[in-house]
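A short write-up of the structure that comes next.
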């Protein structure tokens, strides 16, 4: 059986990739995708922990399902906000959206 | 107690506000469906009055059940913890929600949108759950329910460049920090196999006391949690969204974010810190948190001084206020006074900030902008508004006998009691700096000339909010003791044993 | 707490609510504001009377006062350590509850009439008729512009413009006084005290845009307000010191716990400065008493802080009545009577302590000092102002010689007859102003500096305004201590009798002052009412407003009868008839140590009767028997010569203060604090910090323009520079925010791990 820490390392790597994407991608949609990546890595974590440490309960499974649901809602709202920004500015480049500052 | 004999009530009572808000949400949507556009102000009235009714019902039932600090009940399989702390912070959240609904009625665009009030209700529900959450899953769900609703509320004005930008920035910053927060939660679950936060402290403490790897892992998980909280309460260095969002969002949303969201976040923060963070870790994190408090209040105050936009100034002021409140969080490991001071401070802050943003709403309805310069000559244009603004500003700066003075007094007293006298001194120094920019607004209102003679319309809804918050500010100041006792009970109830 | 005790709490509330309602709701409507204010004070009067009658029918009220307290400021986690505040009615408070709402109600009713008419001069800056109070009520007042001798552009201003605000402020004032009266601890008392301080500032300077034509040197209402505020502030700070010392020494500020507690009073008798031999006779209580007394010196206008009070006459006359009768000055004396056990620490009925000697000395000196000044004043209100100071001196002296019951008695009667006199003088002034307007319409010309308050412009008013004249006469006789039929006689006689028995020196001083009092009162009555009118304004003076006459009549009734509650039981005939000196027995129960009852003696009684009558007689001979003709000089001037000039100029006290205090402190503030400390040291440090930060981290173009264009010459801009440099971190780019946040997180982890490995 594959050891637990392999899963954890994959999840950590995925999370780091997501975080890097959030910080470096210019397109807001890409940033949103990176955030989804972070959430996915959390799910991987949760399921792995559940399967290896406490398979007799349903905690981890439930948690992961909730995260799915919330991530979907979050993505929907995020896309809506990006569309409304695009209508106003004709751009979705995150660093150009900077009227509010100082 | 009558609830003990009826099992049904035992299930219902702990989530009474949520049930009420759900019914209210459906009602609002129905009202929206069946009213014509000219009569849309009914929406706000229904929402506001509904929330006040829910608050009163919850208080009534609550006080007949939770009559002292030692009571704690759980519901939904441990997801919800029903104690004095939850009762107090839910009351704050519902007051803030109701007053925000009233402000929204006469805020342009949003006041006539059923969706706005619907989402406001959902956000209130999320914040109410945050005040009572006792399980990592519920923590996450509550935080996200509130956050996602707030993103929409902030970006609600689809045709405004500022509002959409505020919404998107809030969203991107919030979602990213939520990712970090959630990662921390998953680690905590992994380390302990538990999700109920009251069961976490023991295994985490054991792990922390063990080898260095374990200690490091626990530290990282806890600090990831701190990022999430830091974002919600606007503490440095997770505060960056605050000024941009406060300035860009519709004023009623800003009022709500700055009060209800902050209060509920502090409720969750003190509960998690008191229950989850193992005593073994306390020595390490109190120092970090104290440093965070100092930087937060100092930076907030310094940056508030140079602002020209009143909403932006209040955003930085809100950061500074979060810094003061963190003093109470620092103190809470040593003394219950810390938590009590946080609760008291948040209660007065809800009333005070709502009052300030209401005045801003009235003025920007006439002028169309939110510059501090718009306040010039206000004392000659509208005395009630001036009076309300003075009350709010003096309370924020902590001038006796207003509520804000006692808020700061209790925070600093808690710090001294916990052995953090230096923190209290820095707090006092900061309060002096803050006095400067608050009084600048007062000066502008009284001294600066203004040729603008357009009438400032205080609609009945605005008047109601100003009266409620103004009387509250005075009452919490002049008669501080009952509120403080309530806060003390709330503080002691965090660690009460559940039956 | 039962209903009655709850009522005590409610007493200060109606005027406070009236203040808020007028300011927030009815301020646009004068009539409605009048109704709200008067209704509120009448409500309070009703409440007070209910409490008062319950209080006087309670046996041993001193031992069991009506009291309702609650926890106010929690200190620590238990109730025992918290600070309690409450309301209390003991005999002394009951006395206050009798006369404060009574006089205040009368003044409110009177104000509705007094503030309904009138004009004054105001200066227009820059010559154009722009009114900087747009949006406030007020009618057209810019009809004619004149230029006075000082080259100022003046117009008539409607004195009634801010009537609603006036009613609101006196309501707040009354509320402050009532709060002070029912307070059961020094802190609450001090809060009421300060509310009154603020209100007196706002009310004295109420006509803040008023100027006096051709008299550029004369103090204007605005500066009089500032002067009153500043002077009393000096005293308040000293008093606050006393409160702080008392609290740190006893751990409580509650009157009952200190004054009615043998152990506490005994503890206060220990030496205050045991290490300083010269001061070792001063007890802790004595020093605290002195500090508190300083507060009363300011509030009750005792020498040397008395100068604000005559200038406070710049306020509208109802304010003068309010300040000098019902409220503010009474508050000072009330406070020292209340604090008598502390002031008299170690006294026990024999051998005056140093503190008491100082109190008695200042009181007696003030009584005589200001009585002499009053003799030479021309302004009808100034005479009353100095007479007030003098009468307050009596009360203070009485407290100093241990006769606090007599002081309380005189406090009550004086409040009533002095309110009467002030309102009478207001009525006179109004009548003369009306007369001036009438005469103006009939073609008589007046100089723009015509002064309707100058008694030499009056004369012969007896026939024009009989109600005012009769009531003023009654008040004047009460002030002079006309035997048997006036309230002032009984109270003043009690003070004199106490002084005669215990402190002969004080008696002599007070007796001379009493003679002068009777004399200047008669002079005032003669100049105002007797003879023939000296100006056309006086000739056509009228006063028919019932709102101003009714209060005069009611107060006149009390000015006669209020004294009968305190007649000595051995006084021939009357003593038995009036029930064995009920006042003395009632108020005497307020303290732990009951005051001795003085044996009745005829000597001081006869002396005081002779003094009062002879003073009145001399005044009558000079001013009534041979009334002054128009333009005739004051006969006193010839009689006294240079002394008259000295008195007329109030011993040059104002000039002395200007030279000795105001100028040096202005110089200090300007040259030393502002230039040296503020701009030199503090700014220097701040600029240094700001520039260092700039050099270290945030050097870029934006920053240069914001900070280096320095020359910032105030503290604030120093900090502003610092903030300016930080604000550019908020770049508006959300990914930079996140990057900083993540960096912050990594830093936190770093610090945490570092401390972890140190464990």
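Odds and ends about this structure:
- In this calculation the C-beta distance from residue C:234 to residue C:655 is compared with R0 = 22 Å, giving a FRET efficiency of 0.75.
- Region B:166-322: proportion of alpha-carbon pairs further apart than 19 angstrom, %: 56
- Expressed as a fraction of 2.2 N^0.38 Å, the C-alpha radius of gyration for region B:139-235 is 1.33.
- A simple packing score, the average count of other Cβ atoms within 10 Å per residue, orders the peptides C:291-302, B:50-61 as C:291-302, B:50-61, with the highest score first.
- Averaging the sequence gap over all C-alpha pairs within less than 8 Å and six or more residues apart, then dividing by the number of residues, gives region B:169-286 a relative contact order of 34 percent.
- You can think of it this way: the chain between residue B:291 and residue B:471 has 61.3 nm of extra reach, that is 0.36 nm per residue less the Cα-Cα gap.
- A viscosity of 0.692 mPa s and a temperature of 37 °C, combined with the Kirkwood radius over Cα pairs in Stokes-Einstein, give a translational diffusion coefficient for region C:164-220 of 258 µm²/s.
- The value of relative contact order for region A:4-96, using C-alpha pairs under 8 Å at least six residues apart, is 30 percent.
- In this rough spin-label picture, where each label sits 7 Å from Cα along the Cβ direction, the residue C:728-residue C:267 distance is 6.1 nm.
- Relative contact order [Cα under 8 Å, 6+ residues apart], region C:374-434, whole percent: 30
- Spatial extent of region C:436-551: Rg and Dmax, with the Cα atoms as the point set, Å: 18.5, 62
- At full extension, residue B:33 and residue B:279 could sit 83.2 nm farther apart than now, given 0.36 nm per residue minus the alpha carbon distance.
- Taking the Kirkwood radius as Rh and the Cα radius of gyration as Rg, region C:365-485 has a ratio of Rg/Rh equal to 1.07.
- When the Cα gyration tensor is reduced to axis lengths a ≥ b ≥ c, the ratio a/c is 1.5 or higher for region A:4-96, and with a/b not above b/c it is classed as oblate.
- Label-to-label distance, nm, for residues given as residue C:758 and residue C:633 (7 Å Cα→Cβ offset): 8.8
- For chain B, the longest principal axis of the Cα atoms and the long axis of helix B:114-132 meet at an angle of about 30 degrees.
- Gained length - residue C:150 relative to residue C:547, 0.36 nm times residue gap less alpha-carbon distance: 139.1 nm
- Taking the C-alpha atoms only, the angle from helix B:16-34 to the longest principal axis of chain B is near 40 degrees.
- Estimated FRET transfer efficiency when R0 is 35 angstrom, pair residue C:223-residue B:432 (beta carbons, to 0.05): 0.70
- Mean-position separation - Cα centroids, region B:195-220 and region B:281-349, in angstrom: 27
- Partner shielding of B:131-141 amounts to 2, given as the average count of beta-carbon atoms from other chains within 10 Å of each residue beta-carbon.
- Stokes-Einstein D in µm²/s, Kirkwood radius over Cα pairs - the protein assembly as shown at 37 °C with 0.692 mPa s viscosity: 94
- Three-way shape label, region B:393-499, alpha-carbon gyration tensor, a/c 1.5: oblate
- Shape category assigned to chain C from the gyration tensor of Cα positions, a/c cut at 1.5: oblate
- Rg/Rh ratio calculated on Cα atoms of chain B (Kirkwood radius): 0.96
- Nearest-ten-degree value, helix C:404-441 long axis tilted from longest Cα axis of chain C: 90
- Sorting B:475-484, B:163-172, C:646-655 by their mean Cβ neighbour count within 10 Å, with the most densely packed peptide first, gives B:163-172, B:475-484, C:646-655.
Taken together, the values in this text are just the output of simple stated rules run on the coordinates, not laboratory data. Values in this document were obtained by computation on a predicted structure and should not be read as measured data. We place every Cβ from the backbone using ideal geometry, glycine too, and count neighbours over all the protein chains shown.
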